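Beneath this line is the structure, given in structure tokens, with notes to follow.
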Amino acid sequence: AEQQQLRELIQGASDPQELLRVSRGPALSSNLAALAIARLARLAREQRLDTESIRGDPRFQRLLGTVDAQISQVWNAPLLQLLQSLPALGLARGGHQVRSVEQEVLWRLRRLPLRQLAQLAEHLAGQGHDGLLLPEVLRKLELRWTELDGTRTVVTLMAKVGHLSPALMERLEDKALELAEQFDPDELRRVALALALQQRRCVPLLRALSYHLLQKPAELPLPVLTDLLFAYSKLSFQQPQVLHRLSLELQPHLGTLGPAQVSRCARSFASLRWLSRPLAEAIAQYSLDNVQKLSVTQLCGILVSFARLNFQPSSGEEFFSMVHEQLQGQEQQLDTHLLTDVVWSLCVLQQARPPHLHHVLSPEFQARLRGDTSPRAQSSWLKLLHINATARLETPGYQGPFLPPEALGGDRDGDRDKDREKATPLQRGLREALPGALGGHDLVRHDVSTVYGWDIDAEAVLDGDNKPLPVRDFAAPHLPHAEGTKPLPPGARRVAVLRWEFPQFSSRGRELLGRGSMARRHLRAAGFLLAEVS
């Protein structure tokens with residue numbers, strides 16, 4: 001009865017002095033002392049008390065001594081609370097008291113209920129624990145994962161602990177697949193987010209999450225919409241029904257989002273190659289209505305997203321006038337790669353102006369990229385080739401500068417050899433079928449890298465009667481190094497065979513890609529007839 005009275009006093013205490021006075025009670029056990037320390041840590045956190053004065057109080061030291069003398073008699077729950085409370089009160093992690101508690105927990109791991117084991121793992125992972133305890137806890141969870149039966153525990157472990165143990169994360173994915181039907185929308189969001197942040201593209205689980213998400217009848221909360229969109233984009237997981245629902249339900253909330261969120265949503269849809277015209281129109285209108293709130297970087301993100309989707313807003317004249325106005329004088333402040341992306345996007349959307357082309361095609365700008373072998377720099381250099389092609393083929397009044405001839409070939413021959421090694425069935429079929437259809441290998445050129453930055457799967461020359469001619473006999477201004485010198489005969493035409501492989505989309509899916517649109521325009525402007533296969 002006396003211990004029960006003391007326990008109620010500890011649990012109801014609202015003043016640290018009440019808890020410290022407990023240390024003098026004759027009925028104080030190590031278990032109650034642990035509860036008192038845990039309650040003291042909670043009050044210190046809630047009331048923002050000075051923990052140094054608490055640590056220096058002799059009554060607090062008496063509580064510590066009572067726990068230390070009989071630590072084996074402390075129950076599991078108070079022991080785990082004590083493990084969290086001692087560092088919160090400022091005791092050193094390497095100190096005797098903390099190490100003693102950790103050692104006791106380590107000895108008891110096999111006997112801990114799975115729920116307490118999961119809570120312990122979550123706490124240790126959140127604190128960045130680097131001792132022996134956390135790896136041992138993770139190992140025990142890996143061995144006992146079949147005991148997991150609650151969605152909350154599974155979701156929490158995936159979000160907070162999964163990144164520390166790939167083996168445990170695999171078990172958690174299996175358990176999440178089993179429990180997917182029971183997840184509420186927020187748990188679906190947290191699981192998808194955990195997969196995205198850990199770059200784990202578990203397709204069976206993503207499909208299950210998508211299916212059960214579509215079964216939820218109620219309108220999804222805004223955080224669920226934005227986080228799911230981010231997760232699917234991060235994992236490059238296209239699920240048309242889910243993306244349709246996300247875009248449909250996101251549109252009414254667009255006005256409540258901040259500029260950074262709107263720009264992020266636009267980039268996510270673009271990376272997924274998913275165009276919802278009503279949502280894209282709403283984003284364009286949002287940009288016009290909130291131009292003072294949008295930073296230049298955020299506006300650039302929206303512009304690049306529109307270009308990747310080849311989207312022209314219905315308010316195009318007003319929108320692009322605003323874009324040009326905001327970009328004016330900002331060239332020096334933008335990152336080299338971002339500026340390249342912006343001008344490339346303007347070229348895709350046919351809105352580039354000579355000053356933009358002049359700036360990125362100048363020798364000074366080229367020098368920033370030259371010598372950089374990073375993937376980002378290689379991508380930017382390829383975009384410079386596209387910009388250079390726009391300047392030559394689509395901008396009659398532009399007088400230069402242009403990229404030098406030696407920069408137009410690049411190192412793409414090596415990349416082409418690698419691509420040939422991993423050719424798709426469609427590519428291999430083209431290489432085998434075209435020489436037979438045309439009448440000989442000298443009548444077709446395969447895997448052509450043009451000075452415009454576009455690769456052609458095959459090229460042929462047809463005379464006025466549509467008969468194939470030896471393609472290597474003729475001058476080829478689209479190649480860095482031409483093999484022939486003869487001009488094309490009157491009426492002859494070059495034919496470029498382009499391959500499009502987007503199995504996740506309908507036949508019109510390729511029309512959504514700004515790159516494809518630009519490639520067609522450039523090649524037609526260079527005199528090619530296009531033959532497209534998919």
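The values are calculated or read from the model by the stated rules, or taken from the named source; none is laboratory data. Bear in mind the structure is a predicted one, so any value in this text is a computation, not a measurement. Cβ coordinates were reconstructed from backbone atoms using ideal geometry, including for glycine residues, and neighbour counts include every protein chain displayed. Please note that ligands, DNA and RNA were not included when accessible areas were found on the heavy atoms of the full protein model with its side chains. Shrake-Rupley method; radii C 1.70, N 1.55, O 1.52, S 1.80 Å.
Ordering of 425-432, 283-290, 81-88 by packing is 81-88, 283-290, 425-432, highest average first (other Cβ atoms within 10 Å, averaged per residue).
Pairs of Cα atoms nearer than 8 Å and 6+ residues apart set the relative contact order; for the stretch 329-408 it is 35 percent.
Pairs from the list K234/K293; K175/K234; K216/K293; K383/K467; K160/K383 with a Cα-Cα gap above 29 Å: K216/K293; K383/K467; K160/K383. Expressed as a whole percent, the accessible surface of the chain that belongs to carbon and sulfur atoms is 49, based on a 1.4 Å probe. Note on the chain: dipole from Cβ charges, positive end direction compared against G162, L40, V242; the farthest Cα belongs to L40. Of the GluC sites (Glu not before Pro) in the stretch 159-268, the ones in a loop by DSSP (not H, G, I, E or B) with at most 15 other beta carbons within 10 Å are E219. Select one label from (i) -0.72; (ii) -0.18; (iii) -0.35: the one whose number is log10 I(q)/I(0) by the Debye sum over Cα atoms at q = 0.05 Å⁻¹ as derived from the coordinates shown. For log10 I(q)/I(0) by the Debye sum over Cα atoms at q = 0.05 Å⁻¹, the calculated option is (iii).
Within straight-line reach of K140, meaning a Cα separation under 15 Å, sit the following aspartates and glutamates at least 8 residues removed in sequence or on another chain: E122, E170. Short-range pairs are left out: with C-alpha atoms under 8 Å and at least six residues apart, the relative contact order of the chain is 7 percent. Using only side-chain charges placed at the Cβ, +1 for Lys and Arg and -1 for Asp and Glu, the dipole size of the stretch 1-159 relative to its Cα centre rounds to 160 debye.
Dipole of the chain computed with +1 at Lys/Arg Cβ and -1 at Asp/Glu Cβ about the Cα centre; of A194, T51, C265, farthest Cα towards the positive end is T51. Peptides 364-377, 96-109 ranked from most to least packed give 96-109, 364-377, packing being the mean of other C-beta atoms within 10 angstrom over each peptide's residues. Of the peptides 2-14, 459-471, the order by per-residue mean of other Cβ atoms within 10 Å, starting with the highest, comes out as 459-471, 2-14.
Taking 0.36 nm per residue of separation and subtracting the Cα-Cα distance, full extension of the segment from H244 to Q292 would add 14.3 nm. With a simple spin-label model that places each label point 7 Å from the Cα along the Cα-to-Cβ direction, the separation between N76 and E170 comes to 2.8 nm.
Sequentially through the stretch 231-237, phi angles give Karplus couplings (6.51, -1.76, 1.60; θ = phi - 60°) of 5, 5, 5, 4, 9, 6, 10 Hz, Gly and Pro residues having no value and appearing as x.
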